[in-house]
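Input: a single structure, listed below in structure tokens.
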Amino acid sequence: MKAPAFRYLAPDTLAEALRLLAWEQNARVLAGGQSLVAMLNMRFAFPDCLIDINRVAELAYLRESDGGIEIGAMTRQRDVEFSPLVARRLPLWREAILQVGHRQTRNRGTVGGSLCQLDPSAELPTVALAMDAELTAASVRGERRLRMADFFAGYMTPALEADEILTSIRVQPWPAGHGHAFLEFARRCGDFAIVSVAALVALDASGRLARVSLTLGGVAAAPLRMPAVEAALTGSHGVEDDLDQAARLCGEVVATGDSQVPAWYRQRLASVLARRALALALARACAHEEGPP
Ligand SMILES: Cc1cc2nc3c(=O)[nH]c(=O)nc-3n(C[C@H](O)[C@H](O)[C@H](O)COP(=O)(O)OP(=O)(O)OC[C@H]3O[C@@H](n4cnc5c(N)ncnc54)[C@H](O)[C@@H]3O)c2cc1C
């Protein structure tokens, strides 16, 4: 099928893009187009106007500021993949982004586009939630900040007003020496995950788990943080029994069943992948502790 007819506008600045978005009725922002163009062609979306923000250079950057990492919404996924800053300070993001689609889709697809598309199985919303990312949305009315945890307004629906553009994502890196793991199960390499797991752990001086973050992607309409698992693991040594208990709790999550797989299959994957991800994150944290041989 072909896309329905729409007007096409391509502003050069954020201010102009926001002005157009405030003025136009039923307009949609076009970022990398890797999801939106398919939705147009399949007639899942009927905008009267597309506002292409690919020329808005001020939205594409990756930088360190006040100890955090700021990612412009129009930063290509491929730039995140190859960023030494991300590899050094946000290893979880790098591990996850390598599993987003294909290099061709990552060349065009943007970080902001993936967050706004909010596919339940998408890797970037999952890691953004795992790391308590802070988002900035802009409109002609000004800027506002919102937490990733508050960005899920419904199934594939971001908490943005019709005249707002997501402009940046701010992530606070975990301290040096933390352990990370992003694991997923998909039918074929490059497919959307059926279930994914993002795990982060930090150890204290006695080798106990001082801080834990565990997030499941793909199991429900939006990624799920697992606070009960995080609380149960914090203070433990992360021994086999602790990981077994964490896996059991993840297996009890309320999961979605659909034409692809039943709910019990997602629960089983959540349990198995969570255990593996926690064990890998823990092993990496321990390797940091011990240092090079
Ligand atoms: C073959 C294929 C495989 C894929 N596999 C995966 C995968 O495994 N994992 C995965 O996560 N994704 C996958 N994708 C999707 C891909 O990651 C997209 O890049 C992403 O979902 C959307 O990013 P985009 O920049 O292309 O956004 P677009 O498609 O341009 O936009 C997506 C939506 O977000 C809105 N939007 C975009 N940017 C903004 C903004 N700054 N402010 C407000 N609204 C905005 C748009 O209006 C639209 O509604 C795949 C895509 C393809 C074609």
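Here is how the numbers come out for the structure above:
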quantity: Exposure of THR105 as accessible area (Å², to 10), given a probe of 1.4 Å and all protein chains; calculated: 40
quantity: Solvent-accessible area of TYR265 with every protein chain in place, 1.4 Å probe, in Å² to the nearest 10; calculated: 70
quantity: With all protein chains modelled, accessible area of PHE44 [1.4 Å, Å²]; calculated: 150
quantity: Segment 130-175 and segment 220-293: distance between their alpha carbon centers, rounded to Å; calculated: 26
quantity: Candidates ALA15, ALA193, ALA122, ranked by Gaussian network fluctuation over the chain, Cα under 10 Å, top entry; calculated: ALA15
quantity: Accessible-area order (highest first, 1.4 angstrom probe) of the listed residues VAL197, VAL239; calculated: VAL239, VAL197
quantity: Segment 57-171 - charge dipole about Cα centre, Lys and Arg +1 at Cβ, Asp and Glu -1, debye rounded to 20; calculated: 360
quantity: Carbon + sulfur, % of accessible area of segment 57-171 - ligands and nucleic acids excluded, 1.4 Å; calculated: 46
quantity: Derived scalar couplings ³J(HN,Hα) [segment 271-281; Karplus, 6.51 cos²θ - 1.76 cosθ + 1.60; whole Hz; x for Gly, Pro]; calculated: 5, 5, 5, 5, 4, 5, 5, 5, 5, 5, 4
quantity: Rounded to whole Hz, the Karplus (6.51, -1.76, 1.60) HN-Hα couplings of segment 159-164, x for glycine and proline; calculated: 7, 10, 6, 4, 9, 9
quantity: Segment 181-293, accessible surface, carbon-and-sulfur percent (1.4 angstrom probe); calculated: 57
quantity: Solvent-accessible area per residue, Å², over segment 59-169 with all protein chains present [probe radius 1.4 Å]; calculated: 40
quantity: Helix-only [θ]222 nm of the chain, DSSP H runs n ≥ 4, -39500 (n - 2.57) each, per residue, nearest 500; calculated: -10000 deg cm²/dmol
quantity: Per-residue ³J(HN,Hα) for segment 80-91, Karplus 6.51 cos²θ - 1.76 cosθ + 1.60, θ = phi - 60°, Hz, x for Gly and Pro; calculated: 5, 4, 9, 6, x, 5, 5, 4, 7, 9, 10, x
quantity: Accessible surface ranking that places the most exposed of ARG141, ARG106 first, with a 1.4 angstrom probe; calculated: ARG141, ARG106
quantity: The chain: equivalent-ellipsoid semi-axes (sqrt of 5 x gyration tensor eigenvalues, Cα, Å); calculated: 35, 22, 16
quantity: Accessible heavy-atom area order of MET148, MET42, MET226, MET1, highest first, probe of 1.4 Å; calculated: MET1, MET42, MET226, MET148
quantity: Cβ-placed point charges (K, R +1; D, E -1), dipole of segment 6-86 about Cα centre in debye, nearest 20; calculated: 380
quantity: Amide proton proximity set for GLY68, modelled H, under 5 Å, gap of 5+; calculated: none
quantity: Antiparallel bridge percentage (DSSP; both residues within the chain; nearest 5); calculated: 85
quantity: Cα-centred dipole magnitude for the chain, charges only on beta-carbon of K, R (+1) and D, E (-1), debye, nearest 20; calculated: 680
quantity: Square roots of 5 times each gyration tensor eigenvalue, C-alpha, segment 192-293, largest first, Å; calculated: 27, 13, 10
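The values are calculated or read from the model by the stated rules, or taken from the named source; none is laboratory data. Since we're looking at a predicted model, the values are computed, not measured. Positions of Cβ are backbone-derived with ideal geometry, glycine not excepted, and every protein chain shown enters the neighbour counts. The protein model used for the area step is the full one, side chains on, heavy atoms only, and it has no ligands, DNA or RNA in it. Shrake-Rupley method; radii C 1.70, N 1.55, O 1.52, S 1.80 Å.
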